[in-house]
Amino acid sequence: MGSEEAISVNRAQSEILCMEGISKVFPGVQALKDVTFSCLQGESHALVGENGAGKSTLIKILSGVFPPNEGQIRIAGRVQGFRGPQDAQEIGIRVVPQEFSLVPYLSVAENLFLGMERLYTGHRLWFQAKTLYQRAREMLEGLGLPFNPRMPVYRLSVAQQKWLEIAKALVAVPEILVLDEPTAPLSDQEVEHLFAMIKDLKKQGTTLIYISHRLDEIFQIADRVTVLKDGEKVGTRSVHEVTRDEVIRMMIGRRLGELFPPKPEKIRKTKALEIRDFSAGDMVRDVSLDLFQGEILGIGGLQGNGQDELLKALFGTIRWDHGEVRLAGKKIKIRSPRHAVRHEIALVTDKKEVEGLCMVLPIRHNMSLPTLHQRQRAGLIQLQKETAVLEGMAHDLAVHSTSLSRAVGQLSGGNKQKVIVGKWLIADPKVIMFVDPTMGIDVATKQQLYLLLRNLADEQGKGIILVLSEMMELLGLCDRIAVMREGRVVTVIEGEKATEENIMRAAMGLYGEAGS
């Protein structure tokens, strides 16, 4: 038997998980296409890719949240069909999610054993509270986590809550443990403790799937790495046979198409917005940026690094801690969205149906809300004037609706987005901020929006800030790109240096190293 065949047999004998030919389609979106992903027993396998690459969908299928449209899952060689998360948990699959799933007003112990009380305290839980807390204390101490098991979860720090999520998964002694961005809130010392814990779990035969945008961690803790891109598998490599540069290229390798309007060359002189030493909560830290008139400034980086919070703080929905903001050279203070609108700053949110629109109201009311005062006389709305303004804007934006009286909730995603954009264009702000404005809309509407954004900057001199999770849009639309990492702007990239690779390097804390 040749060496390659021997390796193949050994791999087959030790394979604990095989997700073969997995495809998943949501309305209008192919989230996964023919993905095969396998893990060996006792290995740490990193799963990486850009935002939207399909990592979360693959894990939700593995954990029973979604059924696949095609493909099958084998655990230790046996085909599994999950009807829900409980089925996946019963055969030893546990997920530590990026977002917390704890119940804040229950105690640490109650959260730790939630759903497993009978296993640890007997059938009559109300008579076994003492046992519950005692076993929780023993479990936490065994993991090196000195928490008070009686403390309500809402009193824990973010890092402590992350540790509790990890402990909660380990209570069940999982065969396969998924860790999704586990180190985000942890200190360096806590990360070292987690890595020591992972090494112990591997020795015990636990298989770990490790999802992280921090490549340094992957090369520290993983045995193999699988890269997803645009819902497809790019490849699986041993971390000993691949470099960080190669992993980054596997993650990004695509070209810009002819989807975007050309960027005119121009000298930017007049500052529309100046931000200095700006901080807001834990997510925005000492940000300093300039936005010029007639410029599209992109805010890039991996999701969850403060991009959305920066724009919300500038719009007054998140309170500042400190910093200075100047609009057209004049120092301003924004304490609420009302102040932002008064200073001619607008925010087009990505959460159309929650933050951007009132779904039961008609197009007319949604589009006119920010500027009602402009068409009032003696407290009465001048309906004829309002209708002319709204119909003109709906025509300019090609809002497909038979009437301004139609409820916004009945519109397509693209037309909802046009209504949000329209209501702010009527206000004629000097600075317009967008969070993922093309999310959930079709390609034709995206192209219309791209042209509109360039027109607002190039022809009308607006200052535009775009938070974009889609790399192609970031490069295709923006004149300059500020990259945020852990709440800070780590670099501003423009010209020929604005490449996918350099943006990813900056987002992962590698910008400026060899090869950049």
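The values are calculated or read from the model by the stated rules, or taken from the named source; none is laboratory data. These numbers were taken from a predicted model, which means no experiment stands behind them. Cβ atoms come from the backbone with ideal geometry, glycine included; neighbour counts cover every protein chain shown.
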| field | Among (1) under 23 Å from residue 487 (Cα atoms); (2) not in a loop (DSSP other than H, G, I, E, B), the one test that residue 246 misses | value | (1)
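Every residue, every condition in (1) modelled with pLDDT under 80; (2) of a type outside the set (A, V, I, L, M); (3) under 18 Å from residue 433 (Cβ atoms), yes or no:
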| site | (1), (2), (3) |
| --- | --- |
| 252 | yes, no, no |
| 255 | yes, yes, no |
| 259 | yes, no, no |
| 264 | no, yes, no |
| 269 | no, yes, no |
| 276 | no, yes, yes |
| 280 | no, no, yes |
| 284 | no, no, yes |
| 287 | no, no, yes |
| query | Any idea how many residues of segment 58-74 are buried (at least 19 other Cβ atoms within 10 Å of the Cβ) and either among the hydrophobic types (A, V, I, L, M, F, W, C) or at pLDDT below 90 (or both)? | reply | 5
| request: Return yes or no: is residue 107 small (Gly, Ala, Ser) and in contact (Cβ under 8 Å) with a residue 60 or more places away in the chain? | output: no
| Every residue from segment 484-500 that is crowded, with 20+ Cβ neighbours inside 10 Å and assigned to a helix (DSSP H, G or I) | 500
| field | Yes/no for residue 94 being surrounded by 16 or more Cβ atoms within 10 Å (Cβ to Cβ) and at pLDDT 90 or above | value | yes
| field | Evaluation of residue 302 against (1) assigned to a loop (DSSP other than H, G, I, E, B); (2) within 20 Å of the chain's Cα centre (by Cα); (3) at pLDDT 90 or above (one fails), failing number | value | (3)
| said: Checking the condition touching a Leu at 6+ places or on another chain (Cβ under 8 Å) and among the small types (Gly, Ala, Ser), which residue from 412, 405, 401 passes? | reply: 401
| note | Flagged in segment 394-435 as among the charged types (D, E, K, R) and more than 26 Å from the chain's Cα centre (by Cα), in numbering order, are 396, 406, 423, 428, 430
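Considering only residues that are in contact with an Asp or Glu (Cβ under 7 Å, 6 or more places away or on another chain) and surrounded by fewer than 19 Cβ atoms within 10 Å (Cβ to Cβ), look in segment 282-291 and name the one that is farthest from residue 459 (Cα to Cα).
286
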| In this structure, is residue 294 outside any helix (DSSP H, G or I), within 26 Å of the chain's Cα centre (by Cα) and buried (at least 16 other Cβ atoms within 10 Å of the Cβ)? | no
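Scan segment 310-328 residue by residue and report those that are touching a residue at least 60 places away in the same chain (Cβ under 8 Å) and either acidic (Asp, Glu) or in a strand (DSSP E or B) (or both).
Our first condition is that a residue be touching a residue at least 60 places away in the same chain (Cβ under 8 Å); within segment 310-328, this holds for 310-311, 314-315, 327-328.
327, the sole residue that qualifies.
This table checks each residue for (1) closer than 25 Å to residue 271 by Cα; (2) buried (at least 19 other Cβ atoms within 10 Å of the Cβ); (3) in the same structural domain as residue 217 (by TED's automatic domain parsing); (4) basic (Lys, Arg).
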| residue | (1), (2), (3), (4) |
| --- | --- |
| 452 | yes, no, no, no |
| 457 | yes, yes, no, no |
| 460 | yes, no, no, no |
| 482 | yes, yes, no, no |
| 502 | no, yes, no, no |
| request: Collect the residues in segment 27-53 that are farther than 12 Å from residue 235 by Cα and either surrounded by fewer than 16 Cβ atoms within 10 Å (Cβ to Cβ) or in the same structural domain as residue 468 (by TED's automatic domain parsing) (or both), keeping them in residue-number order. | output: 27, 28, 29, 30, 34
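Determine, yes or no, whether residue 141 is at pLDDT below 90, farther than 24 Å from residue 219 by Cβ and in contact with a helix residue (DSSP H, G or I) (Cβ under 6 Å, 6 or more places away or on another chain). Spell out the reasoning first.
Working: at pLDDT below 90: yes; farther than 24 Å from residue 219 by Cβ: yes; in contact with a helix residue (DSSP H, G or I) (Cβ under 6 Å, 6 or more places away or on another chain): no.
Judged against the criteria, residue 141 is not a match.
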| query | Hey, among the residues in segment 259-291 that are among the β-branched types (Val, Ile, Thr) and in a loop (DSSP other than H, G, I, E, B), which one's nearest to residue 464 (Cα to Cα)? | reply | 270
| task | Name the one entry in 168, 202 that is within 24 Å of the chain's Cα centre (by Cα), of a type outside the set (Val, Ile, Thr) and either surrounded by 14 or more Cβ atoms within 10 Å (Cβ to Cβ) or assigned to a helix (DSSP H, G or I) (or both). | result | 168
| task | Take the residues in segment 171-197 that are of a type in the set (A, V, I, L, M), more than 16 Å from residue 216 (Cα to Cα) and in a loop (DSSP other than H, G, I, E, B), then tell me which one is modelled with the lowest pLDDT. | result | 172
